[in-house]
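Written out below as structure tokens is the structure these notes cover.
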Amino acid sequence: MPSIQAVQPVTTSSASKTTSNRDRATTKGDPDLNHLVRISPVERDCREFAALSSPERYPSPLPCRISYLDFSYADVASNLALDEALLIAAEEHEAGPSLRVWESQTYAVVLGASGRLREDVNLSLCQAQGVTIARRSSGGGTVVIGPGAMNIALVLSSDAAPGLLAVDQAQLYVLERIASAIRESGVEARVQGSGDLTLGGRKFSGSAQRRLRRHFMVHATILYDFSIDRIVRWTHLPLRQPSYREQRGHAEFLRNLELPRSLLLDAVKSAWLTDTKPPMATLPEDLVQRLVREKFGDTGWVERL
């Protein structure tokens, strides 16, 4: 698919935030919500496309036809806003499920929605070196992104497969599909901890989740040719660590997947896309710019914790 040209960063400004239904993300699965879930016209053919996936390859059949977007803005705030916009478009405008892949051409430290700026980030060094600090809408820990780190945003309906109303089951469902696809490339990737992809007990990808009433989004950042030293210098060790980390520092715990980008992209696409030429996800430009102004480009959001 031809790449869309990156646009110039949008002008950001502070704006007061209002709380809406979409901002009150659910944090736990609730079986009692099953009767409230509506299926959009875009998602009615999910069962038809489930037959196209192989149960031997993945933990359960593919939920439905998923649109695809391989597109990166020039600035981090707009990229984070686009991920959120695709989730909102599915929730409020029946845009359907989507897979987006993007990669920042500049380095940035990205906090999770509840991350603590001064606990997670070497703030003085980042400021001295001009490193962008941003905050995404999903949970999870702080990550460093840039060239050599592929970012994935997958939006699915909460009823696309059994158990997806539960946060942990939804995360496992998504990660197992990605790990299975990577294993088909000859790399023995595993899912460990609460949302990590590992190779030989070392982490090459972290993930996080953002939930609305009927849809959820899983973020993942996959290190394939990234400077681990930048993570060592710009971020502190997390206070909460999975047991398999065994108190290892960043340099000992993190690694690159060391799979060529083209093969990694093929694996990610094969995990979710049934079509050789999948439908292209619509770029909701107006919504992206509004989210940058009101949220992702607002220092109040970035520095809120």
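The values are calculated or read from the model by the stated rules, or taken from the named source; none is laboratory data. The model shown is predicted, which means the values in this text are computed figures rather than measured ones. FYI the Cβ positions are ideal-geometry reconstructions off the backbone, even for glycines, and counts take in every protein chain you see.
Some observations on this one:
- In the stretch 247-287, the residues that are outside any loop (DSSP other than H, G, I, E, B), aliphatic (A, V, I, L, M) and touching a residue at least 24 places away in the same chain (Cβ under 8 Å): Leu254, Leu263, Leu264, Leu265, Ala267, Val268, Ala271, Met280, Leu287
- Subset of the stretch 113-138 (residues that are crowded, with 21+ Cβ neighbours inside 10 Å and either more than 12 Å from Arg233 (Cα to Cα) or modelled with pLDDT under 95 (or both)): Gly115, Arg135, Arg136, Ser137, Ser138
- Residue check, Leu257 over 24 Å from Gly130 (Cα atoms) and modelled with pLDDT of 95 or more: yes
- Residue within the stretch 208-223 that is closer than 15 Å to Ala271 by Cα and assigned to a loop (DSSP other than H, G, I, E, B) present: no
- Check on Phe226, among the aromatic types (Phe, Trp, Tyr) and either part of a loop (DSSP other than H, G, I, E, B) or in contact with a helix residue (DSSP H, G or I) (Cβ under 7 Å, 6 or more places away or on another chain) (or both): yes
- Of all residues in the stretch 119-148, those being touching a His at 6+ places or on another chain (Cβ under 9 Å) and basic (Lys, Arg) number 1.
Per-residue answers, yes or no, for (1) in contact with a Gly (Cβ under 6 Å, 6 or more places away or on another chain); (2) loosely packed, with under 15 Cβ neighbours inside 10 Å; (3) in contact (Cβ under 8 Å) with a residue 60 or more places away in the chain; (4) over 30 Å from Glu91 (Cα atoms):
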position: Ala208; (1), (2), (3), (4): yes, no, yes, no
position: Ser227; (1), (2), (3), (4): no, no, yes, yes
position: Gln289; (1), (2), (3), (4): no, no, yes, no
position: Gly297; (1), (2), (3), (4): no, no, yes, no
